[in-house]
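The structure appears right after this line, and notes come after that.
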Amino acid sequence: MLGWAIAFFILAIIAAAFGFGGIAGASAGIAQILFFIFLALLVLTFVARALRGRPPV
C-alpha cells in the first residue's frame, strides 16, 4: 500500500510540473489517503503483535 501511495505522489508531482492542477490535486489526495491507511494498518499490526506476545522481527 505504501508503494501505491508513493506512485500516486510521483504522479501528482509529474502532473503538477506539466500544469495539470486537477489531476495533481486528485493524485496528491489519493496518495495522502493511502499513506494514512498504511500508517493505521502499521500501528494495528504492532498492537496485535504486542498483545499476542510475539517479539517484533
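None of the figures in this text is laboratory data; all of them are computed from the coordinates on show. From a predicted model like this one, the values you see are computed outputs, not experimental measurements. Don't worry about glycine lacking a Cβ; one is built from the backbone with ideal geometry, like all the others, and counts go over all protein chains shown.
Taking θ = phi - 60°, what integer Hz values does the Karplus form 6.51 cos²θ - 1.76 cosθ + 1.60 yield along the range 41-51, in sequence order, with x for Gly and Pro?
5, 5, 5, 4, 5, 5, 5, 5, 5, 5, 6
Using each residue's phi in the range 14-21, evaluate 6.51 cos²θ - 1.76 cosθ + 1.60 at θ = phi - 60° and report the 3J(HN,Hα) Karplus result to the nearest Hz, with x for Gly and Pro.
Couplings: 5, 5, 5, 5, 8, x, 8, x Hz.
What nm value, rounded to one decimal, do you get for the distance between Trp4 and Leu42 when each label is placed 7 Å out toward the C-beta?
Computed distance between label sites Trp4 and Leu42 equals 1.7 nm.
Spelling out what I want: for every residue of the range 28-34, take phi, set θ = phi - 60°, compute 6.51 cos²θ - 1.76 cosθ + 1.60 (Karplus), and round to whole Hz; glycine and proline get x.
Values, residue by residue: 5, x, 5, 4, 5, 4, 5 Hz.
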